[in-house]
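Heads up: the structure comes next, in structure tokens.
The values are calculated or read from the model by the stated rules, or taken from the named source; none is laboratory data. Not measured: the values here are computed from a predicted model. When we count neighbours, we look across all protein chains shown, and the Cβ atoms used for this are built from the backbone with ideal geometry, even at glycine. Ligands, DNA and RNA are stripped out before the accessible areas are found, and what is left, the full protein with its side chains, is counted by its heavy atoms. Shrake-Rupley method; radii C 1.70, N 1.55, O 1.52, S 1.80 Å.
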Amino acid sequence: MLHDLRRWRWDRWQELTPGKKEQLLDRWQDFLEESERVEGEEGVYSALYRVVGHKADFVWVHFRPRVADLLDLERAWERTPAASLSQRTFSYLSVVELSRHSAPPFPEGVDPMTLPPLRERLVPTIPNYRWICFYPMSKRRGETVNWYQLTGEERSNYMRGHGAIGRNWADRVKQIVSGSMGLDDWEWGVSLFADEPLWFKKLVYEMRFDPASALFAEFGPFFIGERLDQTALRSWLR
Ligand code: 76R
């Protein structure tokens, strides 16, 4: 999973002739269509969101089966005219995973890819919601508390509380859990999807009081974006 956050050079965009703008938009729409999904290929999904605030103007969220696929995709994007008007401000690499603390625990010795509900979590599509909230996080290794010195059972107990809050929100907010130890600067990427951005605020507030977060969570920068399909992309740039 790659979160690719970019700033858009509105100043340079304004300077383009209408013809050049059209050409750039057509190519961008094609790229969006080609990367969103590939017929018959599992695990190949992308989505584009416009991002609020100074940290970025838009984010690409890409799911691909292999890291090399992400590299190819980055180069393919760089060959589009839109790429030269965009500058990367942040990116994040992580891998979609089944938490060992999922409920119910998945059966030992069974390939999770053979069980539909687990397979769905491991090879997710992009949830069909209007808004995304993305931030990276780690579990604390502090002077007094250290997540990595707890037993598996203690960690599972903490995560049960987390899961209970999460499940109360599951009809409104969908989380894709992705791990990034050894891949990027934090330990997880948190990708939340919902139709109302205020729900992110309410959910994350509630979780701040839950011991799994209150005692152990450390957070990176937060990004909030609104989905851009091909039509919305066009009107956003108009
Ligand atoms: O019960 C289950 O099968 C899934 C329960 C579940 C797990 C195991 C779950 C549900 N999460 C799990 C794991 Mn989550 N989650 C976060 C954050 O801001 C904060 O305080 C923390 C950031 C949010 C907002 C959130 C939301 N979750 C994890 C893990 C991995 C831990 C590990 O493996 O050690 C992290 C880092 C993490 C962080 N969580 C849910 C949600 C929501 C909304 C749900 C329920 C909805 C859903 O399943 O999509």
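Set side by side, the residues LEU98, LEU73, LEU118, LEU85 differ, and just one is at pLDDT below 95, over 19 Å from GLU187 (Cα atoms) and among the aliphatic types (A, V, I, L, M), which is LEU118. Filtering segment 166-184 to residues that are open to solvent by 70 Å² or more (accessible area, probe 1.4 Å), touching a strand residue (DSSP E or B) at 6+ places or on another chain (Cβ under 7 Å) and more than 7 Å from the ligand (Cβ to nearest atom) leaves ARG172, LEU183. Give the residue that is nearest to GLY179 (Cα to Cα), with candidates limited to residues of segment 7-25 that are outside any helix (DSSP H, G or I) and open to solvent by 10 Å² or more (accessible area, probe 1.4 Å). Within segment 7-25, the match that is nearest to GLY179 (Cα to Cα) is ARG7.
Give me the residue from segment 185-194 that is outside any strand (DSSP E or B) and under 24 Å from GLY53 (Cα atoms) and, out of that set, nearest to the ligand (Cβ to nearest atom).
Restricting to residues being outside any strand (DSSP E or B) and under 24 Å from GLY53 (Cα atoms), the top hit is TRP186.
At least 1 residues being open to solvent by 40 Å² or more (accessible area, probe 1.4 Å) is the threshold, and among the strands (runs of 3 or more DSSP E) wholly inside segment 51-147 those reaching it are 86-93, 131-139. If you filter segment 118-146 down to residues that are within 11 Å of the chain's Cα centre (by Cα) and of a type outside the set (Phe, Trp, Tyr), you find that the one that is farthest from ASP210 (Cα to Cα) is ILE126. Looking only at segment 224-235, which residues are within 19 Å of the chain's Cα centre (by Cα) and open to solvent by 10 Å² or more (accessible area, probe 1.4 Å)? Result: ILE224, GLU226, ARG227, ASP229. Comparison of ARG155, ARG160, ARG238 shows that the only residue that is of a type in the set (Lys, Arg), more than 20 Å from the chain's Cα centre (by Cα) and away from the ligand (no atom under 11 Å from the Cβ) is ARG238. Residues that are open to solvent by less than 40 Å² (accessible area, probe 1.4 Å) and either among the β-branched types (Val, Ile, Thr) or assigned to a helix (DSSP H, G or I) (or both) within segment 26-50 comprise TRP28, GLN29, PHE31, LEU32, SER35, GLU36, VAL44, listed in sequence order. Checking each residue in segment 195-215 for being more than 9 Å from the ligand (Cβ to nearest atom) and open to solvent by less than 40 Å² (accessible area, probe 1.4 Å) picks out no residue at all.
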